[in-house]
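So the structure is just underneath, and the comments pick up after that.
Any read-out appearing in this document is the output of simple, stated calculations on the displayed coordinates, not a laboratory observation. Fair warning: this is a prediction, and the values are worked out from it, not measured in the lab. Note: ideal-geometry Cβ built from the backbone for every residue, glycine included; neighbour counts use all protein chains shown.
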Amino acid sequence: MNTDTEHLAATQLSRISRPECAIILGTGLGIMEDEITILESISYREIPGFPTSSVPGHSGRLLFGLLGNCRVVVMSGRFHLYEGYTAAQLTFPIRVFARMGIRKILISNAAGGLRPDLIPGSVMMITDHINYTGHNPLTGPNDEGLGPRFPDMTRPYAPELMDRARLSARRQEIPLAEGVYVQVNGPSMETAAETKMLKILGADAVGMSTVMEVIQAVHCSMDVLAMSAITNNNDPDNYLPAPLEEVLAMASKAAPAIARIFKGVLEA
């Protein structure tokens with residue numbers, strides 16, 4: 001873990017703005033940028049130590065602006081284990097945000113639904129997660145300046161932010177499901193047998209991101225809220241392909257609802 005580079009990146013970005021909240025946009029969720037008043041934009045390639053994304057649907061820019069009345073920094077594009085990054089590398093931005101003094105983070109992702117009610121285009125708030133990757137961003141020497149060696153994961157998702165999200169969705173008449181999210185490595189999609197296993201384990205939605213960032217954010221004492229855009233339904237008894245084009249289309253369909261919920265949460 002290169003703390004010097006993290007401090008350098010945090011210093012550079014703090015000169016641009018001092019946001020109150022960080023937001024991560026998942027696959028196909030770049031349309032959420034339309035809800036943000038963008039004041040500054042910087043490519044990941046211009047930030048010391050920042051990884052770059054190689055996945056369609058991830059533009060690779062850090063945006064500074066306003067969502068509602070809140071100053072935000074937005075990751076338009078994230079990183080994944082299947083791109084070859086270590087868990088510590090892909091959570092580098094979270095540690096930079098923490099060193100900038102940010103204490104709230106809102107995360108979105110694209111996920112496959114494992115319950116019949118989680119239909120493509122719907123939104124699920126993550127209430128808990130399962131780490132099925134075999135990786136952890138905290139592996140290795142611990143930086144006591146960021147957080148404890150053994151961070152508590154009793155409530156990785158902030159109850160207050162979840163209550164605000166429920167209220168925001170209800171006021172705007174946005175259907176909001178809730179459930180447990182499981183992260184797998186990818187990039188291959190799950191087989192029908194693997195899907196059955198994940199359901200038995202207690203997962204309601206499955207994807208290839210988010211859990212690493214959440215673990216790092218909790219370690220850094222950040223309040224976390226996470227939403228999944230359901231892009232397909234994984235029914236192991238009637239298993240159908242989920243091509244990338246369909247995933248991106250359904251993520252775009254759910255994106256405005258997630259953006260409106262996030263906006264309501266921050267305005268509260």
LYS196-ARG170 FRET efficiency (beta carbon distance; Förster radius 41 Å; 0.05 resolution): 0.75
Radius of gyration, Dmax [region 113-168; alpha carbons; angstrom]: 15.7, 44
Eligible lysines near LYS253 by straight Cα distance, threshold 23 Å, same-chain separation 8 or greater: LYS263
Roughly what % antiparallel, to the nearest 5, for the DSSP beta bridges in the chain? 40
Dipole magnitude of the chain about its Cα centre (Cβ charges: Lys, Arg +1; Asp, Glu -1), debye to nearest 20: 520
Rounded to two decimal places and with Rh computed the Kirkwood way over Cα pairs, what is Rg over Rh for region 139-268? 1.00
Assuming 0.36 nm per residue, please report the length gained on full extension of the stretch ARG71 to LEU39 beyond their Cα-Cα distance. 10.5 nm
According to a simple spin-label model (label point 7 Å from Cα along Cα-to-Cβ), what is the distance in nm between ILE16 and ASP117? 4.0
Taking 0.36 nm per intervening residue step and subtracting the Cα-Cα distance, what contour gain separates GLU46 from ASP163 on full extension? 38.4 nm
Name the residue from PRO187, ILE215, LEU176 whose Cα lies farthest towards the positive end of the charge dipole of region 149-215, charges +1 on Cβ of Lys and Arg and -1 on Cβ of Asp and Glu. LEU176
Say the dipole of region 118-268 comes from +1 at the beta carbon of Lys and Arg and -1 at that of Asp and Glu; which of THR154, LEU244, MET124 then lies farthest toward its positive end? MET124
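Say R0 is 35 Å: what FRET efficiency, to the nearest 0.05, do ASN131 and ALA249 get from their beta-carbon distance?
Computed FRET efficiency for ASN131 and ALA249: 0.75.
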For a footprinting-style exposure proxy, rank TYR239, TYR157 by other Cβ within 10 Å, fewest first. TYR239, TYR157
Using the C-alpha gyration tensor of region 14-68, what are the square roots of 5 times its eigenvalues, in whole angstrom, with the largest one first? 18, 16, 8
Work through the residues other than GLY113 whose Cβ is under 11 Å from its Cβ and net out their charges, Lys, Arg +1 and Asp, Glu -1. -1
Once amide H atoms are built 1.01 Å from N in the peptide plane, which residues 5 or more positions from ASN233, or in another chain, come under 5 Å H to H? GLY113
Under unit Cβ charges (Lys, Arg +1; Asp, Glu -1), what dipole magnitude, rounded to 20 debye, does region 123-192 have relative to its Cα centre? 200
